[in-house]
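Okay, structure first, notes after.
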Amino acid sequence: MADSLSGQWKRIQGRLQAEYGEAAYRSWLKPLELLGYSDGRVRIAAPTRFMRDWVETQYGGRLTQLWQAQNDTISGVDIVIDLEHRVAAPPIAETVPVLAHGNENVATEIGARLDPRLTFSNFIVGKPNELAFAAARRVAEAETAPFNPLFLYGGVGLGKTHLMHAIAWHIRETRPERRVLYLSAEKFMYQFIRALRYKDTVAFKELFRAVDILMIDDVQFIAGKDSTQEEFFHTFNALVDQNHQVIISADKSPNDLEGMEDRMKSRLGWGLVADIHPTTYELRLGILQSRAEQLGIAIPEKVLEFLAHKITSNVRELEGALNRVVAYAKLVGRPITLENSQEVLHDILRANDRRVTIEEIQKRVAEHYNIRLAEMYSARRARAVARPRQVAMYLSKQLTARSLPEIGRKFGGRDHTTVMHAVRKIDELRSTDRHFAEDVELLRRMLEN
Ligand code: ADP
Ligand code: MG
């Protein structure tokens, strides 16, 4: 068997060379060494940890296929680090589990595993994310980098990671020969520091510079980490100079990233900067409807509307709330209703109660009654400005946790008794004048949303 095994390996090497080209073959595949075969598994050695990881992500699946085509008793391929050739092999190398091949999704130490749920088709597009979505699609479909880098930014849980995974899935499906590497900035830093420690930086550089598409998620993480930033800058430049696509995400725009060097900030903004805005009610409802459909559960539209209305912080929380409602209903065997949804979610709902500020109230009320904002603080007592001012005081009492004296101070330094009087007056008017009551109610709802 051993004889024919090396013969098979020769043939496989020939195939790899033909399939991946001379350069890639020489850098990554030629240095691999066949160690042996036992229990249905072929063992192959790579000279360094980086090469092992790289070969595993980029060529692992194909290697397994080729072996299996040669020899149907083979169930998988194990790539190990060749300790023989490493004089000062780090002790952990021996204890690191060797991952099996044959599975494209094998978790490796370099790239992160792609979440199968995070695809373009599962991404709901709305006003707040349409630019980011269009840019991501464009990059995923393009032959050559249409803008470089693509910089996606926005608050937590608004879909940055989702879009990056979606790009990776799309490329993997349509052009599997392209080398896509997705990882968090944190992991990038971790790899870099380890490479420094093991004096493996040459392999590190080679590894990152050999990719066609590099995605670094949450780049704000390396802000303030100088040496990592430096290395990232070089990697970044090398890739962009070769016109290899780089995609970056962060929680802020390049300019607003604190602890980032100026040259880095400016370089990050060279391509297309696309921001994802906070969700709108329509987008939240769309996401909930699609999730409910995915879960295959009929949920009353009223409940979905209620969630979309109340959980405004981000999509992750929104999904969490929906999952909780569904899990609860299943667990206790009760139908999903508005009442029990409210009950199950009371803590989340409280946290999502929007904090309205007195300033916002003043602005909104002034707009509504078509008076100048300055009248909120002025001493004028004409009814046309005094009544709106009282409404604003009343709403400040209802919608904020501020005390009467605090509210008075915000209205041009008025006394707390003035605020109290305003609250009473508005209450009285609300009970006698239906139109007025509706007006105030409308304002309250606008402010709460
Ligand atoms: P970020 O990386 O911006 O913090 P994620 O991409 O991790 O956010 O998104 C958080 C969760 O919300 C994920 O489960 C993701 O699938 C979901 N999500 C965010 N935006 C959308 C969207 N537009 N359509 C569908 N799901 C979304
Ligand atoms: Mg993310």
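The values are calculated or read from the model by the stated rules, or taken from the named source; none is laboratory data. Here the structure is a predicted model, which is why all the values come from computation and not from measurement. Counting neighbours? That spans all protein chains shown, and the Cβs are built from the backbone with ideal geometry, glycine included.
Per-structure values
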{"quantity": "Criterion: of a type outside the set (Ser, Thr, Tyr) and without any contact (Cβ under 8 Å) to a residue 40 or more places away in the chain - qualifying residue of Arg138, Arg179", "calculated": "Arg138"}
{"quantity": "Filtered residues of the stretch 221-253 (kept if within 16 Å of ligand 2 (Cβ to nearest atom) and of a type in the set (Val, Ile, Thr))", "calculated": "Ile222, Ile247, Ile248"}
{"quantity": "Lys330 vs. criteria free of Cβ contacts under 8 Å to residues at least 12 places away in the same chain, under 14 Å from Leu447 (Cα atoms) and part of a helix (DSSP H, G or I)", "calculated": "no"}
{"quantity": "The one condition in (1) modelled with pLDDT of 90 or more; (2) under 30 Å from Ala308 (Cβ atoms); (3) within 16 Å of ligand 2 (Cβ to nearest atom) that Pro278 fails to fulfil", "calculated": "(1)"}
{"quantity": "Selection from the stretch 53-100 of residues that are in a helix (DSSP H, G or I), surrounded by fewer than 16 Cβ atoms within 10 Å (Cβ to Cβ) and at pLDDT 50 or above", "calculated": "Gln65, Ala69, Leu83, Glu84"}
{"quantity": "Number of the exception - Phe188 against (1) within 12 Å of Asp218 (Cα to Cα); (2) of a type outside the set (S, T, N, Q); (3) more than 15 Å from ligand 2 (Cβ to nearest atom)", "calculated": "(3)"}
{"quantity": "Residue in the stretch 210-220 that is away from ligand 2 (no atom under 16 Å from the Cβ), closer than 27 Å to Ala23 by Cα, in contact (Cβ under 8 Å) with a residue 40 or more places away in the chain and acidic (Asp, Glu) present", "calculated": "no"}
{"quantity": "Test for Val325: is it assigned to a helix (DSSP H, G or I), at pLDDT 90 or above, more than 12 Å from ligand 1 (Cβ to nearest atom) and of a type in the set (A, V, I, L, M)", "calculated": "yes"}
{"quantity": "Total residues in the stretch 247-291, condition closer than 18 Å to Asp218 by Cα, without any contact (Cβ under 8 Å) to a residue 60 or more places away in the chain and among the aliphatic types (A, V, I, L, M)", "calculated": "3"}
{"quantity": "Filter result (over 25 Å from Arg113 (Cα atoms), more than 16 Å from ligand 1 (Cβ to nearest atom) and assigned to a strand (DSSP E or B)) within the stretch 231-275", "calculated": "Leu272"}
{"quantity": "Filter pass, Glu282 being charged (D, E, K, R) and more than 26 Å from Gly320 (Cβ to Cβ)", "calculated": "no"}
{"quantity": "Long-range neighbours under 6 Å by Cβ, at least six apart or interchain, first residue of a type in the set (Asp, Glu) within the stretch 26-41, second at pLDDT 85 or above", "calculated": "Glu33/Ala45"}
{"quantity": "Residues of the stretch 266-304 classified as crowded, with 16+ Cβ neighbours inside 10 Å and among the charged types (D, E, K, R), total", "calculated": "4"}
{"quantity": "Count of residues meeting criterion [touching a helix residue (DSSP H, G or I) at 6+ places or on another chain (Cβ under 8 Å) and among the polar types (S, T, N, Q)] in the stretch 289-320", "calculated": "3"}
{"quantity": "Number of positions in the stretch 117-174 that are out of contact with any helix residue (DSSP H, G or I) (no Cβ under 8 Å at 6 or more places or on another chain) and not basic (Lys, Arg)", "calculated": "15"}
{"quantity": "Output for the stretch 306-357, where each listed residue is surrounded by fewer than 16 Cβ atoms within 10 Å (Cβ to Cβ), hydroxyl-bearing (Ser, Thr, Tyr) and within 30 Å of Tyr394 (Cα to Cα)", "calculated": "Thr357"}
{"quantity": "Subset of the stretch 334-377 (residues that are among the aliphatic types (A, V, I, L, M) and not in a loop (DSSP other than H, G, I, E, B))", "calculated": "Leu338, Val344, Ile348, Leu349, Ala351, Ile358, Ile361, Val365, Ala366, Leu373, Ala374, Met376"}
{"quantity": "Residues located in the stretch 168-193, provided they are more than 26 Å from Leu16 (Cα to Cα) and β-branched (Val, Ile, Thr)", "calculated": "Ile193"}
{"quantity": "The one condition in (1) buried (at least 17 other Cβ atoms within 10 Å of the Cβ); (2) more than 19 Å from Asn243 (Cα to Cα) that Phe208 fails to fulfil", "calculated": "(2)"}
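This table checks each residue for (1) closer than 17 Å to Ala366 by Cα; (2) basic (Lys, Arg); (3) surrounded by 14 or more Cβ atoms within 10 Å (Cβ to Cβ); (4) in contact with a strand residue (DSSP E or B) (Cβ under 8 Å, 6 or more places away or on another chain).
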residue	(1), (2), (3), (4)
Ser396	yes, no, yes, no
Ala401	no, no, no, no
Pro405	no, no, no, no
Lys410	yes, yes, yes, no
Arg414	no, yes, yes, no
Thr417	no, no, no, no
Arg424	no, yes, no, no
Asp433	no, no, no, no
Leu447	yes, no, yes, no
